[in-house]
Amino acid sequence: MTRRFSADVAIIGGGLVGSSAALALRLAGLSVILMDKGFCGAQASGVNYGGVRRQGRPMGQLPLSQRAHQIWPQLNALIGIDGEYQRSGHLKLARTPEDFAKLEHYAETVKSFGLDLELYTGAMAKARFPWLSGNIAGASLCPDDGQANPRLVSPAFAKAARDAGAIVLEHTAVHAAVHTNDGFALQAGADCEITCRFLINSAGAWANKIAAGFDEPAPLSRIYPSMVVTEPLAPRLPVSLGEEGGGFYCRQVTRGNYIMGGGRGYALADPDFSRPSTTAALSVMKRATTLFPHLAGAHVIRFWSGTEGQLPDNNPVIGPSGTTPGLFHAFGFCGAGFQVAPAVGAILCDLVTSGETATPIDAFSIERFRNMSSQHNEKKGTHNEMVE
Amino acid sequence: MNETASVVVVGAGPAGICAAKALVAAGLRPVVIDEGLRAGGQIYRRPLVDDGRSATDLYGSEAAKATRLHREFDALLPSIDYRPQTLVWNIADNQLHLTANGVHQRIGFQNLILTTGATDRVLPFPGWTLPGVYTLGAAQTALKAQGCTIGKRVVFLGSGPLLYLVAWQYVKAGGDVAAVLDTAPFAAKLNLLSAIRFDPRLVLTGMSYAARLVRRGVKLHYNVRPTGVDGSQHVEGLNFKSGAKTHSIACDAVAYGFALRAETQLADLAGCPFRFDDRDRTWLPATDDAGRTSCKGIYLAGDGSGIAGADAAEISGELAALAVIQDSGMAADPRRMSVLAGARRRKAKLRDILEKAFPFPQNWFDQIPGATTLCRCEEITVSSVIDTVHGNDLRELNRLKALSRAGMGRCQGRMCSAAMAEILASTQKLKLPEIGRLRAQAPIKPLPLSLHEAGS
């Protein structure tokens, strides 16, 4: 038996972007169907590092990031849990004077955005953060950046959307989506036919198939972070830590575990599944023992990876389709989507309800790839810094 | 450069020893990697240093087998590359990742025989995390390897052949066994009668343990459900129901378990397909009669491929080695293989009967209070897991892990996932195979953060 659904908006992909859009749209009074090929929030949105960070983002992302910064403290009201969100501060380390110069330059460049960055020389950094060790030429602290638990936050947005009246169809992959006279017609799962006025493509690393179906492929590739977590340890690391140039990032969660990452994992034979790389994990572990001598004797208990969408200019696609009215894309967050995702959901709601948004998103238009050849599709993302 | 071996055997229990022996007999020189200090596995574990106890002291009725396997393995030493005290913690791209003494090494393989064995299957009950509560396997290890008991006055609890065996070993070693509490009804034991024709020696020996315990004045109770452990810092007593009656026994240690669970994480990381096994109530790597998986060059033997016991492990270990030999284009005696395969099938039938005699405690969670710890690593209670299941209408085990944090700690679900699966299935009125299985992640056991590459 065919199951037929109809709604104002259908959303393909129940990650944090799709789920927060679903929630925002429901709160705006529209009917919503949210579909995911697996569980909501189980891919990049749910298995990422958990950095809630503005520092280090390119200038073009900062208005978006600032909008998200206003949403994160409201999680309790929005989704019923705080998601372990805390404004712990994000400390970015420089290993060399050249890297520290980059941090100083960044702080100067983004001054007008109000991140309130605090710069420390190597000696000052070690005085201010006495748990720190190793070769540190300097550091930049963004005191109001922080961290949260993706494993809880992302599924909770989907649950909140459902509780607010969205129809959430998990394990329901979309096979076909076509534009019709009055909107869109979709086929999904074993037996679902869906009609809607607006369509949102927030299918993450799987989004390009949908975009290509509407004649606007993007050069989306996949990246696989490589994560390591220790056993729970006494609280010692108060901030979320990153490094200029990437390669290492680390935070200590409320439970006491140190979550650290760096380098890349790899895809399995089924490219929807990935594994962390042992080489990357060992390199991350080595860096952790250098930076934190107090971790000598600690054990790591698990490695993991996930699948994230990467675009060649390290910026996401957010905004209306260039080919199809009523279609909106939001994907390819290049390993840095967690913090901005709730704002992207809000922006998608703006676009659906009013056709415009106050947040500048022109730089993220899918049309910037219109004249790119398809060979970019296979290009590997190499920019490591953004994965946190 | 990383080395590549033609055959690697992981584990040196009865399956690993017999696999190595057959490989050496065919002229191969296998690498044998074992976590233990000395070969023998859990069942034929040797003391860390010889302490004057005889094989009969250590292994009782199984002394002759233990002595033979130890002797055979010692004789193999010049012909194998033996690496004791070495943990295999990951498999990727036909490479094993090892750690020994805090040093990381890799070794490639053309053929791999996994004989990773089993651990106790445990279920939570009120007080199970209190110091003084051990698994049956741990109680046995303390006795075999270290020559000590887990307490002065010990209660044995659970279901499975090990229950009576370990209790008897404690009595024989001079321990004070306060009681043996079987969670199954006495009637279940009558099933043993039909097992006699498959292995009379094993069944009669097994039955004799209960008789000997009674003769020594040890109280046996059937149909038991524990209701709590006395003591705030350490076990001081155990409370339980036997049928409608409630009892209380003073003791300073409890050993418990519900048969064994296969250690399958390496097979999972190697990419082997799994199948659900009704008897073991869990997912197991799928193999043919000889232990071949559908992954080229990967073979399984022993309890790690499904609980079948030590004698079956000897058979399946040799069979897997012969399969490696055959698949490598060398001569393997087909008659020997078919004899072994037949013997293995008979052991499997015996196992089916033993499972009826020592059944899994159905409806265990009907009487477990919600405040009981389910996942001891992450300190997650039974009710918190059930609330997560209800609150999110969960139907899949990995999702339950993600949302409840149960199974995310040091043991990575090795100890609690059986209980998690039972709770999820019973709460949602689903069958166990419908809720999936926890995906293995490297490292399969905790690794030192300071682990470094050999030579660096």
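The values are calculated or read from the model by the stated rules, or taken from the named source; none is laboratory data. Just so it is clear, the model here is predicted, and its values are computed rather than measured. Please note: Cβ atoms are built from the backbone with ideal geometry, for glycine as well, and neighbour counts cover all protein chains shown. In case anyone asks, the SASA skips ligands and DNA or RNA and just uses the protein heavy atoms, side chains included. Shrake-Rupley method; radii C 1.70, N 1.55, O 1.52, S 1.80 Å.
General remarks:
- Residues satisfying the stated conditions in region A:30-48, i.e. in contact with a strand residue (DSSP E or B) (Cβ under 9 Å, 6 or more places away or on another chain) and either among the small types (Gly, Ala, Ser) or open to solvent by 10 Å² or more (accessible area, probe 1.4 Å) (or both): A:30, A:31, A:36, A:37, A:43, A:44, A:47, A:48
- Residues of region A:168-196 that are of a type in the set (A, V, I, L, M, F, W, C) and within 14 Å of another protein chain (Cβ to nearest Cβ): A:168, A:169.
- Going through (1) over 26 Å from residue A:281 (Cβ atoms); (2) at the interface with chain A (Cβ under 9 Å from one of its Cβ atoms) one by one, residue B:419 falls short only on (2).
- Search result, residues across region A:1-25 that are more than 22 Å from the chain's Cα centre (by Cα) and either farther than 18 Å from residue A:170 by Cβ or assigned to a helix (DSSP H, G or I) (or both): A:1, A:2, A:4, A:6, A:8
- Which listed residue is out of contact with any Leu (no Cβ under 6 Å at 6 or more places or on another chain), assigned to a loop (DSSP other than H, G, I, E, B) and more than 10 Å from chain A (Cβ to nearest Cβ), from B:410, B:414, B:439: B:414
- Condition met for residue B:400 (assigned to a loop (DSSP other than H, G, I, E, B), of a type in the set (A, V, I, L, M, F, W, C), more than 9 Å from chain A (Cβ to nearest Cβ) and within 28 Å of residue A:298 (Cβ to Cβ)): no
- Considered as a group, the residues in region B:379-397 that are more than 8 Å from chain A (Cβ to nearest Cβ) and part of a loop (DSSP other than H, G, I, E, B) include one that is surrounded by the most Cβ atoms within 10 Å (Cβ to Cβ), and that residue is B:394.
- Criterion (surrounded by fewer than 20 Cβ atoms within 10 Å (Cβ to Cβ) and farther than 24 Å from residue B:105 by Cα) met by exactly one of B:446, B:433: B:433
- Scanning region A:38-81 for residues that are in a loop (DSSP other than H, G, I, E, B) and more than 14 Å from chain B (Cβ to nearest Cβ) yields A:49, A:53, A:54, A:55, A:56, A:57, A:58.
- Lone qualifier among B:414, B:410, B:439, B:376 - being open to solvent by 30 Å² or more (accessible area, probe 1.4 Å), in contact (Cβ under 8 Å) with a residue 60 or more places away in the chain and under 19 Å from residue A:259 (Cβ atoms): B:439
- Tally of residues being open to solvent by 60 Å² or more (accessible area, probe 1.4 Å) and within 12 Å of chain B (Cβ to nearest Cβ) across region A:269-281: 4
- From the list B:309, B:257, B:302, B:228, the lone residue that is open to solvent by less than 30 Å² (accessible area, probe 1.4 Å) and out of contact with any helix residue (DSSP H, G or I) (no Cβ under 9 Å at 6 or more places or on another chain) is B:228.
- Candidate set: region B:207-264, residues that are assigned to a helix (DSSP H, G or I) and of a type outside the set (Ser, Thr, Tyr); chosen: the one modelled with the lowest pLDDT: B:207
- Of all residues in region A:198-211, those being out of contact with any helix residue (DSSP H, G or I) (no Cβ under 9 Å at 6 or more places or on another chain) and more than 10 Å from residue A:309 (Cβ to Cβ) number 2.
- Those strands (runs of 3 or more DSSP E) of region B:104-189 in which at least 1 residues are basic (Lys, Arg), at pLDDT 95 or above and over 18 Å from the mean Cα position of the chain (by Cα), considering only elements entirely within it, cover B:153-159.
- Of the criteria (1) part of a helix (DSSP H, G or I); (2) within 19 Å of the chain's Cα centre (by Cα), which one residue A:102 fails: (2)
- Test: residue in region B:61-71 that is assigned to a loop (DSSP other than H, G, I, E, B) and in contact with a Cys (Cβ under 9 Å, 6 or more places away or on another chain): no
- Which numbered condition residue A:156 misses (of (1) surrounded by 14 or more Cβ atoms within 10 Å (Cβ to Cβ); (2) away from chain B (no Cβ under 14 Å)): (2)
- Output for region A:202-246, where each listed residue is farther than 30 Å from residue A:327 by Cβ, among the small types (Gly, Ala, Ser) and either open to solvent by 30 Å² or more (accessible area, probe 1.4 Å) or at pLDDT 95 or above (or both): A:234, A:240, A:242, A:245
- Among (1) touching a Lys or Arg at 6+ places or on another chain (Cβ under 8 Å); (2) in a loop (DSSP other than H, G, I, E, B) - the single one residue A:258 does not satisfy: (2)
- Among the conditions (1) open to solvent by 40 Å² or more (accessible area, probe 1.4 Å); (2) facing chain B (nearest Cβ under 9 Å), residue A:304 misses just one, which is (1).
- Some residue of region A:141-158 being modelled with pLDDT of 95 or more and out of contact with any Gly (no Cβ under 9 Å at 6 or more places or on another chain): no
- Of the residues examined, residue B:83 is one that is basic (Lys, Arg), within 19 Å of residue B:16 (Cβ to Cβ), at pLDDT 95 or above and under 25 Å from the mean Cα position of the chain (by Cα).
- Check on residue B:72, modelled with pLDDT under 95 and either closer than 30 Å to residue B:240 by Cα or more than 14 Å from chain A (Cβ to nearest Cβ) (or both): no
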